[in-house]
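Can you keep this structure in mind? I'll have questions shortly.
Nothing in this text is a laboratory measurement; each read-out follows from the coordinates by a stated rule. Note that this is a predicted model, so its numbers are computed, not measured. Cβ coordinates were reconstructed from backbone atoms using ideal geometry, including for glycine residues, and neighbour counts include every protein chain displayed.
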């Protein structure tokens with residue numbers, strides 16, 4: 001019987017692992033992916049984490065995991081199939097068998113949102129990508145498009161502009177939502193063109209992305225834009241999955257919990273991007289991990 005099982009080892013899960021170990025809890029962290037780190041692994045550069053300005057996302061993820069390993073935190077590389085309440089706590093069904101725990105911290109994060117338009121699924125991996133740092137190298141000297149208006153879209157445009165001949169930033173509104181410093185950087189790049197008030201209606205190509213059909217949301221006018229690749233950065237979708245029926249969620253599927261990370265189900269806590277909150281950044285995910293463990297300690301003392 002574990003004191004706590006942490007599901008997911010992105011920044012929130014790794015922070016929870018570290019704090020749980022330091023608190024002397026019997027803790028096990030489950031991770032279905034080959035590497036710990038979560039979405040930050042696919043971030044080219046992190047410039048807003050105190051003390052680590054300009055660090056690469058992959059390097060940051062590895063540093064977090066190294067810290068946990070140095071402390072002796074326990075990990076199991078496996079997927080979670082289900083979680084159910086049982087006497088004395090919870091049963092976590094994994095691909096490697098059952099694990100019992102008195103409490104659970106859900107830190108599964110979120111995945112990239114899709115446009116759900118014709119051509120997106122058919123050309124996925126053939127010019128359609130959700131990660132510029134993963135796939136950008138394949139488009140050196142080519143024409144690419146980024147869809148979105150937030151920080152990730154702006155960061156992707158900046159990253160791609162370093163090697164692509166031309167980058168189009170396609171946004172459905174007349175202004176970006178990205179941080180001011182990122183907007184300034186994007187607009188200063190000579191090979192980045194922002195296409196305002198526009199949405200992608202269709203992705204076209206024979207075995208590879210060749211063009212995009214765009215529509216102006218104000219005029220309704222459509223145009224065809226030649227492009228070798230499209231990078232979709234329109235937000236994230238929570239990965240509550242196997243636990244979403246156990247706690248209260250909002251209409252999008254984010255787990256409802258305050259800063260103490262306690263859900264309305266006793267013994268279940270949530271940390272990171274899966275929690276409903278205003279700001280989803282590495283720094284807030286790490287804070288969630290620490291707060292979740294503090295709440296676990298309170299719960300175990302009182303139960």
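Angle, helix 151-161 long axis vs. longest principal axis of the chain, Cα atoms, 0 to 90°, nearest 10?
Approximately 50 degrees, to the nearest ten.
Express in whole angstrom the spacing between the alpha-carbon centres of the stretch 7-77 and the stretch 201-222.
What the calculation gives is 39 Å, centre to centre.
Kindly state, to the nearest 0.05, the FRET efficiency for residue 264 paired with residue 66, given R0 = 51 Å and r defined as their beta-carbon distance.
About 0.90, to the nearest 0.05.
Mean projection of the alpha-carbon convex hull of the stretch 178-303 over all orientations, in nm²? If you can, show how the numbers build up before the last one.
Values: hull surface 46.3 nm².
With every direction weighted equally, the projected area is 11.6 nm².
For the stretch 1-59, report the % of Cα-Cα distances exceeding 17 Å.
Tail of P(r) above 17 Å: 46 percent of Cα pairs.
Starting with the fewest neighbours, write out 71, 30, 14 ranked by other beta-carbon atoms found within 10 Å of each beta-carbon. Provide the component values of the computation, followed by the final result.
Working: 71 13, 30 24, 14 32.
The order, fewest Cβ neighbours first, is 71, 30, 14.
Could I ask something else about it? Any idea what angle helix 282-302 forms with the longest principal axis of the chain, computed on alpha-carbon atoms, 0 to 90 degrees, nearest 10?
20
Okay, moving on. Give me the orientation-averaged projected area of the Cα convex hull of the stretch 114-232, in nm², one decimal.
6.5
For each of 198, 53, count neighbouring Cβ atoms within 10 Å of the residue's Cβ, then give the residues from fewest to most. Write out the running numbers ahead of the final one.
Details: 198 24, 53 10.
Ordered by Cβ neighbours within 10 Å, fewest first: 53, 198.
If you don't mind, another one. Given only helices, namely DSSP H runs of n ≥ 4 each adding -39500 (n - 2.57), what is the per-residue ellipticity at 222 nm of the chain, to the nearest 500 deg cm²/dmol?
On the way: 6 runs with 71 residues, N = 303.
Calculated mean residue ellipticity at 222 nm is -7000 deg cm²/dmol.
Quote the FRET efficiency, to the nearest 0.05, computed for residue 137 versus residue 189 with a Förster distance R0 of 22 Å and r equal to the Cβ-Cβ distance. The partial results should precede the final answer.
Values: r = 18 Å, r/R0 = 0.84.
The calculated FRET efficiency here is 0.75.
For the chain, what is the Kirkwood hydrodynamic radius in Å, using each pair of distinct C-alpha atoms?
20.4
Still on this structure, I have one more. Any idea how far the Cα center of the stretch 245-303 sits from the one of the stretch 105-143, in Å?
Cα centroid to Cα centroid, the span is 28 Å.
Please compute, over every Cα-Cα pair in the stretch 77-123, the percentage with a separation greater than 18 angstrom.
49
Once the Cα gyration tensor of the stretch 24-163 is found, what semi-axes does its equivalent ellipsoid get, as square roots of 5 times the eigenvalues, in whole Å, sorted largest first?
35, 21, 12
Over the Cα atoms of the stretch 153-213, each weighted equally, I'd like the Debye log10 I(q)/I(0) at q = 0.12, 0.25 Å⁻¹, rounded to two decimals.
These q points yield log10 I(q)/I(0) values of -0.32, -1.10.
As a footprinting exposure proxy, order 242, 270 by other Cβ within 10 Å, with the fewest listed first.
With the sparsest Cβ surroundings first, the list reads 242, 270.
With angles folded into 0 to 90 degrees, how steeply does helix 57-71 sit against the dominant principal axis of the chain? Use alpha carbons for both and round to 10.
10
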